[in-house]
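Encoded as structure tokens, the structure appears first; notes follow it.
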Amino acid sequence: MKTNKIVLGILAHVDSGKTTLAESMLYLSGSIRKFGRVDHKDAFFDYNALERARGITIFSKQAQFCLCDKEICLLDTPGHVDFSAEMERTLQVLDYAVLVISAADGVQGHTLTLWQLLKRYQIPTFLFINKMDRNDVDKVRILGELQKKLDTCCVDFSVRKREQTGFLESLAVCSEEALEGFLECGRIPDAQIIKMVENRQVFPCFFGSALKQEGIREFLDGMDDYMEPKDYPDVFSARVFKIARDEQNNRLTYLKITGGILRTKDFLGVQEKADQIRIYAGNQYVTVSEAMAGTVCAVTGLSNTFSGEGLGALAGNQIPLLEPVLNYVIEVPQDCNIHDFYLKMSSLCEEYPELDVVWNEKLGQIQVKVMGAVQLEVLKHIIYERFGISVTFGMGNIVYKETIAAPIVGIGHFEPLKHYAEVHLLLEPLERGSGLEFAADCSEAVLDKNWQRLILTHLEEKKHVGVLTGSEITDMRITLIAGRAHQKHTEGGDFRQATYRAVRQGLKSAQSVLLEPFYAFRLEVPLECVGRAISDIQKRNGSFEGPVMEQGRGVITGRAPVALLQDYQLEVVSYSKGLGLLSCSMCGYDLCHNEEEIIRTIGYDSENDSDNPTGSIFCAHGAGYYVYWNQVLDYAHVDNERAKKEPNIDPNSQIRKGNSSAFGDLVIAQEEIDAIFEQTFGSAKKKRNHWGKRIAAPVDGHYKGMEPAGSYKGEQEYLLVDGYNIIFAWEELRSLSEINIDSARDKLMDILCNYQGYKNVELILVFDAYKVHGGQGTAFDYHNIHVVYTKEAETADQYIEKFAHDAGRKYRVTVATSDRLEQMIVWGAGAKRLSAQGLREEIVQINKEIKEYLERIK
């Protein structure tokens, strides 16, 4: 599909004149009638009150203008380093980019970060060197700096008409094909130059002053000559790059259509329609009935979309490179319900996913990640404006990460009764900044392809944490190398558990290392302060190149840990008497300079992290038992030579060794089981029976530990029902669910309402909703019972186990489920168990008693 649309983004280090350049381009192209200025607070793009007050761009915005027969959608992005995540989201949809550089400041730290991002996303780039009207700038020097620090193929296009021979010679050395053509016929066709720009073989440079509108017309003509609209497929596809809300609180999904046509009322995603298609220009918009490929638009009516998502034929999601490095605790007023506020902050994460809002249950705190102090102030303003709540922030902490130093094999096994899965993963370290990579190197003869795909899905769906500080892991390739499933007993959730445990077991076996974020810095100070500056950088564990002289000032560039450099600007201002300037930008993660101190301060205990177990579950004599991580290799069922090469076994371990595949005389001592329960759930006051032995039934027909709900007097009682477990365990509900699952849920709720009315217990019915993307979880009352749908990535089992752990010591808690592993865990937490069949029999008996009572009172 051929179009005339081009999406052009404009990027820069803060205060380089980016918004002024955008204003000039719109004004000279006839898109706006008045030339506004940032310092006059009337710029077309800076219409937000917060942006006008600060004089910087905070949110990305769009406008439209024409270059001859080309329709240009101009996207203005934030230049401040604290809002880099907003800028990076915009890069996902750009056809071309303009990188603005201040002639007075040259290539700064954040400029290099932008250049690397443009390279990562492979975006053809034009450079505009602004503020050339100043007396102290040298065009030749600046062009040399660009070629040295950015790319040797930065070519001055402003001389292409005046000095054509010199221009063509500079252009020819950027491409072998162009050089051959130039040597043969002494010219390079425009069509070839267009291809060179598109393939990032050359980077056109233009010079001028945006404020005085000098060189802007020539710049526009150059872009018109050397930009070419893309060809798009006929099948609909789109990329989401931003989520926002308008003044009426309507949810807006900003996307670029990358194929076909989008029409109003078209279905996007699961049962969601595009209600309205808006084309924005600043804070104004027009609605259209359809949008062609190449269009950037905002769509209403979509509630489950997220930034980076591919729609239609565009598969896969874009993962951002830039991440916040500071973690803060949000402190809310005393009269504010912190749980309601957490839900509001979670909704704000749709618009600003880099915030990564987390509820720390152990500390009872809401934690948020930010890029820096300016973003923190802006976030405070947004929260007050959106929710009317005035918040403060506690002391900030550094966001650490973990990786491994050498390859290791991790094994995870999950085999409670009637469940089975085993996974072997090879964990290998990668270069810094590589992130996580997942792959499979396992024969289908060993493990079916469907199970392999499921394991890779489970690897990608979760943020795996390390074992040193509980920080997120990174810079690793995790490869599936072996596994095993059971033809009858394996379910999808079994491989989830086995996969998670394999990662944790591998991390425990490996030599883990702690990583901290680093800043790339540029420090300018008077010559008399250079010695002090070098000394300070060395004290802060920084590395740097030798100081250079620029215009009578000393300039030091290098890198240093964020933890030691984040407050250094105030010190620079003090000792340089206001003449020093420090600019910083993120340059990734590297080895932590004080690893032992940080590990000791955080005090993370990987063995007591119940959400991320390091051991595995095996089965013997009809019951599951826990095997510590350093013994899993001895018990593993799959014979894996690569795993045996690694010394995973701790010789000092007190756990009894054995061969679980034999199932012969293997019995885990009760003291060890009690130790596991006490370590995971705390000490239990109630006496437990030995596993692996049959429990005798007393006279009343109920098994010990499986008393019916409502059989105790004088204490508050809770009955938790695993909804889907019951539905699929009862024949009539299972048959109904095959026709309509909603009807089966409704019928179960009605049955339990009747049951609760007779038993008078607090009844909580829990349903899984862990596969619902972006689900925050819901809870509501249905007549006289409570109904809970879990949040994304949380199963009903997890919810019930957590409730049993928290309330099992204080109240009478009974859990109705036939999941043996869940029964075992809640039993360890002090709760009672009731099987699905036992609940059914009790309900039948109650209905019989109710019927007899009604007949009697007639």
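The values are calculated or read from the model by the stated rules, or taken from the named source; none is laboratory data. None of these values were measured; they are calculated from a predicted model. No Cβ is skipped: glycine too gets one built from the backbone with ideal geometry, and neighbour counts run over all protein chains shown. Areas reflect the complete protein model, heavy atoms only, side chains present, ligands, DNA and RNA absent. Shrake-Rupley method; radii C 1.70, N 1.55, O 1.52, S 1.80 Å.
So the values come out like this:
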| read-out | value |
| --- | --- |
| Calculated from backbone phi, Karplus (6.51, -1.76, 1.60) coupling profile of segment 213-225 in Hz, x at Gly/Pro | 6, 9, x, 6, 4, 5, 5, 5, 5, x, 5, 4, 6 |
| Neighbour count of at most 12 Cβ within 10 Å plus DSSP loop: longest GluC sites (Glu not before Pro)-free window in the chain | 1-246 |
| Mean ellipticity per residue at 222 nm, deg cm²/dmol - from DSSP H runs of n ≥ 4 across the chain, formula -39500 (n - 2.57) | -9500 deg cm²/dmol |
| Degrees, to the nearest 10: 338-351 long Cα axis against longest axis of the chain | 40 |
| Rg to Rh, two decimals, where segment 340-437 supplies the alpha carbon set and Rh follows Kirkwood | 1.13 |
| Under Karplus coefficients 6.51, -1.76 and 1.60, residue-wise ³J(HN,Hα) of segment 452-468 in Hz, glycine/proline x | 4, 4, 5, 5, 4, 4, 5, 5, 7, 7, 10, 8, 7, 10, x, 10, 8 |
| For the chain: accessible area per residue (Å², 1.4 Å) | 46 |
| FRET efficiency estimate (nearest 0.05) - Cβ-Cβ, ALA49 to MET292, R0 35 angstrom | 0.55 |
| Theoretical FRET efficiency, 1/(1+(r/R0)^6), r = Cβ-Cβ of GLU247 and PHE780, R0 25 Å, to 0.05 | 0.25 |
| Cα Rg, Dmax (largest Cα-Cα span) when computed across the chain, Å | 31.7, 110 |
| Backbone HN-Hα couplings from phi across segment 100-105 [Karplus 6.51/-1.76/1.60, Hz, Gly and Pro as x] | 8, 10, 6, 5, 6, 9 |
| Cα-based Rg / Dmax (Å) for segment 270-352 | 17.5, 51 |
| For ALA440, residues with placed amide H under 5 Å, excluding near neighbours | LEU480 |
| Contour excess over end-to-end distance, with Cα ends at ILE739 and ILE602 and 0.36 nm allotted per residue | 44.1 nm |
| For the chain, with +1 on Lys and Arg beta carbons and -1 on Asp and Glu, the positive-most of ILE129, CYS154, VAL38 along the dipole | VAL38 |
| Beta bridges per DSSP with both ends in the chain, % antiparallel, nearest 5 | 70 |
| Carbon/sulfur fraction of accessible area - the chain, other protein chains in place, 1.4 Å, % | 49 |
| Positive-pole candidate from VAL572, VAL446, SER346, dipole of the chain, charges at beta carbon | SER346 |
| Cα gyration tensor of segment 1-50 - equivalent ellipsoid semi-axes, whole Å, descending | 23, 14, 10 |
